[in-house]
Every structure is written in structure tokens, then in C-alpha cells.
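Below is one structure; the comments refer to it alone.
The values are calculated or read from the model by the stated rules, or taken from the named source; none is laboratory data. Please read these numbers as outputs of a predicted model, since none were measured by experiment. Heads up, the Cβs are rebuilt from the backbone with ideal geometry, glycines too, and the neighbour counts pull from every protein chain shown.
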Amino acid sequence: MDCLFCKIIAGEIPSAKVYEDETVYAFKDIAPMAPVHILIVPKAHLASVNEITPENSAVVAHIFEVAAKLAAEMGLAEDGYRVVTNCGAHAGQTVFHLHFHLLGGKKLKVEMC
Ligand code: AMP
Ligand code: ZN
């Protein structure tokens with residue numbers, strides 16, 4: 001499959017890995033928007049939130065566990081951070097492998113739309 005994040009997970013394209021387990025991979029965003037900007041992705045390819053179903057949704061809960069763990073390890077838990085995913089063109093999704101941005105390390109702008 002011609003998917004950038006599948007290639008990163010497979011080690012075919014280099015990444016700055018910060019966490020990996022059986023179902024989840026996390027790495028530094030190549031163009032950080034905040035002092036901490038990590039992408040947390042399921043290893044199994046899902047294009048976006050549109051493809052989350054009762055059969056595969058457990059990995060999303062696990063991704064949020066990993067987000068909390070990484071945020072704590074990086075000292076973000078007390079001051080706060082953001083976990084966000086973009087779905088489709090109107091949200092500005094550019095890589096069509098489901099991913100969650102973990103952003104923190106500064107006071108983030110509050111812009112919901
Ligand atoms: P989105 O716009 O929500 O689809 O987010 C895609 C993110 O992937 C952007 O923040 C990019 O900077 C990031 N990105 C693209 N290519 C790479 C790469 N090779 N390694 C790490 N992050 C990447
Ligand atoms: Zn993929």
C-alpha cells in the first residue's frame with residue numbers, strides 16, 4: 001500500500017520514534033507546530049476517523065492511553081496539551097492514515113474552526 005505512515009511503521013522511511021507497542025506507533029512530527037508535537041498512529045491502516053468501527057475502535061482508546069503516558073513523561077500533564085485528529089479535506093487532513101497529534105509545551109491557541 002502506498003501509505004507514508006505504513007512505510008514509517010514498517011521502518012522503510014525513517015522517523016524519530018518515541019513509542020511503539022503491538023498496535024500503536026508514535027513519532028515526532030517532521031514539521032512541529034509546538035515544542036512537543038508527536039503523531040500517534042494505529043499500526044493497522046485506517047484512512048481516517050471515517051473508518052473507525054466497533055470492530056477496530058479499541059485501538060483508539062489505546063491511543064489515548066499512550067497520549068496520556070507520553071504527555072506525563074514529557075512534563076505536559078500539569079500545564080495541559082491537546083490531542084487532535086483531522087478527518088478529510090475540510091479539516092485539512094494531508095496524510096490518509098489515521099493519526100492523532102499530541103501538541104504541548106506552550107500555551108496553545110484556542111481555535112476550534
Ligand atoms: P494532517 O495534516 O492532520 O494529516 O497531519 C499530517 C502530519 O504529518 C503533518 O503535521 C506533517 O507535518 C506530518 N508529516 C508528514 N510527513 C511526515 C514524516 N515523514 N515524518 C513525520 N511527520 C510527517
Ligand atoms: Zn497506512
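Filter the range 34-53 down to the residues that are surrounded by 13 or more Cβ atoms within 10 Å (Cβ to Cβ) and away from ligand 2 (no atom under 13 Å from the Cβ) and list them by number.
A34, V36, H37, I38, I40, V49, I52
Name the residues in the range 7-58 that are of a type outside the set (A, V, I, L, M), more than 12 Å from ligand 1 (Cβ to nearest atom), out of contact with any Ser or Thr (no Cβ under 8 Å at 6 or more places or on another chain) and touching a residue at least 24 places away in the same chain (Cβ under 8 Å), would you? Explain how you work it out, then say what you get.
Within the range 7-58, the first condition is being of a type outside the set (A, V, I, L, M), and the residues that meet it are 7, 11-12, 14-15, 17, 19-23, 25, 27-29, 32, 35, 37, 42-43, 45, 48, 50-51, 53-57.
With the extra rule that they be more than 12 Å from ligand 1 (Cβ to nearest atom), the set shrinks to 11, 19-23, 35, 42-43, 45, 50-51, 53-57.
Checking which are out of contact with any Ser or Thr (no Cβ under 8 Å at 6 or more places or on another chain) leaves us with 11, 19-23, 35, 45, 50-51, 53-57.
Matches in the range 7-58: Y19, D21, T23, P35, H45, N50, E51.
Results for (1) hydrophobic (A, V, I, L, M, F, W, C); (2) modelled with pLDDT under 95; (3) more than 28 Å from C113 (Cβ to Cβ), shown as yes or no for each residue.
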| site | (1), (2), (3) |
| --- | --- |
| A10 | yes, no, yes |
| N56 | no, no, no |
| A71 | yes, no, no |
| A91 | yes, no, no |
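Would you tally the residues in the range 79-98 being hydroxyl-bearing (S, T, Y), within 16 Å of ligand 2 (Cβ to nearest atom) and surrounded by 12 or more Cβ atoms within 10 Å (Cβ to Cβ)?
As a first pass, look at the range 79-98 and keep what is hydroxyl-bearing (S, T, Y): 81, 85, 94.
Okay, now just the ones that are also within 16 Å of ligand 2 (Cβ to nearest atom), so 85, 94.
Then drop every residue that is not surrounded by 12 or more Cβ atoms within 10 Å (Cβ to Cβ), which leaves 85.
The qualifying residues number 1.
Under 11 Å from I40 (Cβ atoms), more than 9 Å from ligand 1 (Cβ to nearest atom) and buried (at least 16 other Cβ atoms within 10 Å of the Cβ): which single residue out of L102, L76 fits that description?
Values: L76 fails: under 11 Å from I40 (Cβ atoms).
On inspection, the qualifying residue turns out to be L102.
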